[in-house]
Amino acid sequence: MSDEERDAAMEKALKAMTAFSNKYTENTNTYYCSDKSIPAVVIKGLAEHKVTLGTPLCPCRFYEDKEKEAKEGYWNCPCVPMRERHECHCMLFLTEENDFAGEENNITFDEVKDLSGGFSSS
């Protein structure tokens with residue numbers, strides 16, 4: 001994949017993961033961290049995995065074999081602990097009781113791009 005193709009794929013994935021995250025916070029009554037660079041970096045990591053693995057594998061964990069984990073699906077966002085217990089290891093989706101929860105459940109594509117350092121390969 002050329003740098004231009006990767007950048008285009010990353011932009012598309014970043015927009016998709018931003019939209020997904022915003023919809024998920026709305027549907028689950030969860031919030032982003034008060035420091036919006038946290039969700040921005042996590043969303044970027046999800047987008048990178050979407051491009052490289054074909055699925056949004058949690059970027060906040062260590063995996064011996066990322067491809068195997070992606071296929072199994074347990075840690076694909078939203079992961080099983082989040083879906084079952086509202087426990088997000090990445091601090092992407094926070095309940096209002098969480099000390100780090102902000103008041104917002106929306107983040108823009110531009111915020112994600114700017115706060116995560118962008119995605120350009122050049």
Fill in the blank from the handout: Apart from one, (1) open to solvent by less than 90 Å² (accessible area, probe 1.4 Å); (2) hydrophobic (A, V, I, L, M, F, W, C); (3) farther than 26 Å from R6 by Cβ all hold for L92; the odd one out is (3)
Exercise for the section: Have a look at K50, K23, K71, K44 and point out the one that is in contact with a helix residue (DSSP H, G or I) (Cβ under 6 Å, 6 or more places away or on another chain) and open to solvent by 20 Å² or more (accessible area, probe 1.4 Å). Expected result: K50
Problem - Filtered residues of the stretch 76-87 (kept if part of a loop (DSSP other than H, G, I, E, B) and surrounded by fewer than 23 Cβ atoms within 10 Å (Cβ to Cβ)) - result: P78, C79, H86, E87
Practice task
Can you confirm whether the stretch 98-107 contains a residue that is assigned to a loop (DSSP other than H, G, I, E, B), in contact with a strand residue (DSSP E or B) (Cβ under 7 Å, 6 or more places away or on another chain), under 18 Å from A19 (Cβ atoms) and not small (G, A, S)?
Solution key: yes
Practice task
Inspect the stretch 56-71 for any residue being of a type in the set (G, A, S) and either touching a residue at least 60 places away in the same chain (Cβ under 8 Å) or in a loop (DSSP other than H, G, I, E, B) (or both) and give the result as yes or no.
Solution key: no
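The values are calculated or read from the model by the stated rules, or taken from the named source; none is laboratory data. Predicted, not measured: the structure shown is a model, and the values here were computed from it. Because the Cβ atoms are built from the backbone with ideal geometry, glycine has one as well, and the counts that use them run over all protein chains shown. Keep in mind that these areas ignore ligands, DNA and RNA; they rest on the heavy atoms of the full protein, side chains included. Shrake-Rupley method; radii C 1.70, N 1.55, O 1.52, S 1.80 Å.
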